[in-house]
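S.K.: After the structure tokens below, expect a handful of questions from me.
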Amino acid sequence: MAKDVDALFEMAGKIPEWLDLPDPKGFRPKRKYETIWISDVHLGTRGCNADMLVDFLRSVECRTLYLVGDIVDGWRLRKNWYWPDAHNEVIRRILKMAHRGTRVVFIAGNHDEMLRDYAGLTFGGVELVMEAIHETRDGRRLLVTHGDAYDGVVLYHKWLAYLGDQAYGLLLRANIVFNAVRRRLKMPYWSLSAYMKKRVKNAVAYISSFEEAVASEATQRGFDGVVCGHIHCAEIREFGGITYYNDGDWVESCTALVEDFTGAISIVDWVAETGGRTAPAAAPEHTSQGTGQPTPAPLPAPAATGALA
């Protein structure tokens, strides 16, 4: 099997034309970052806030983009196929970033575990790995992992994880109805599911236990910190000299982690920054509609970092 699927596409002459089309003209300048981490998008589910993620990705540029697992929800797609065009737009946007020079690293999670068999391959410029090592601009070494390996429920009681996923799905469907009513009232997005989760004592205890387990793993392996997702709870915390980073999700909170050009890492809350409303819809990037602007010059190539398969 070829190690680089891109080469196959090039030989077949099947690189999509929309990859080279200019971006729709925006009303705000793009933010530039060294690195961005996003996870738990759950494409293929009704709870996915794909429009808000596309809005975010169109608003930023970065040297490296980490997709920290559960980008596609294979668990849900096996039961019921759901894939609106907004979910295609997320994929198109990520592939376009890779095509224009951003290093894109996809760390498979438990909901997209079917991709783990392909770790080590590159698809459309996207590197697929099990976990990665990221070196920040200020010299710190961070372990980047989805995090399900440190979740006792997923690791030892997978049937219970599936049951919990069903209950969580019901809560997210309630969240969809709740926000549909808010939109009719011209009110911004607000996550009922995140609000409920943060106020359930057992959920709070579970999150705390998970954070400690992930930080302990980073300590034992000699890292300065760890970046993960999995629990849908954006956080930056210190655990005895180890910095724990969680990039949150794009189902409830719509958050990402970003590293600036000094190495400082912070959480971007896209709901808070946009008031829960996305920018006006632009012409799809895979067509020739709309008025484009010149493609920006590519950012300098990122420094090489290790990746563990």
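FYI, it's all coordinate maths here, none of it is from the lab. Quick caveat: nothing in here was measured; it's all calculated off a predicted structure. Virtual Cβ from ideal backbone geometry, glycine too; neighbours counted across all protein chains shown.
S.K.: Once the Cβ-Cβ distance between ARG31 and ASP117 is put in as r, and R0 is 25 Å, what FRET efficiency do you end up with, to the nearest 0.05?
M.R.: It comes out at approximately 0.10.
S.K.: Shifting gears a bit: Counting other C-beta atoms within 10 Å, and keeping those with at most 14, which DSSP coil trypsin sites (Lys or Arg not before Pro) do you find in region 20-89?
M.R.: Answer in residue order: LYS25, LYS30.
S.K.: While we're here: Go through region 47-62 residue by residue and turn each phi into a ³J(HN,Hα) via Karplus (6.51, -1.76, 1.60, θ = phi - 60°); whole Hz please, and just put x for glycine and proline.
M.R.: x, 5, 8, 4, 4, 5, 5, 4, 4, 5, 5, 6, 9, 10, 9, 7
S.K.: If you take every DSSP beta bridge whose two residues both sit in region 40-130, what share of them, in percent to the nearest 5, is antiparallel?
M.R.: Antiparallel bridges make up about 20 percent of those DSSP assigns within region 40-130.
S.K.: Please state, as a whole number in µm²/s, the translational diffusion coefficient that the Stokes-Einstein equation yields for region 76-147 at 37 °C and 0.692 mPa s, with Rh defined as the Kirkwood radius across alpha carbon pairs.
M.R.: In µm²/s, the coefficient is 235.
S.K.: May I ask you to compute the full-extension gain from LYS79 to GLU273, defined as 0.36 nm times their residue separation minus their alpha-carbon distance, rounded to one decimal in nm?
M.R.: 66.4 nm
S.K.: Report the extension gain between ASN88 and ILE133 in nm, rounded to one decimal, defined as 0.36 nm multiplied by the number of residues separating them, less their alpha carbon distance.
M.R.: 13.3 nm
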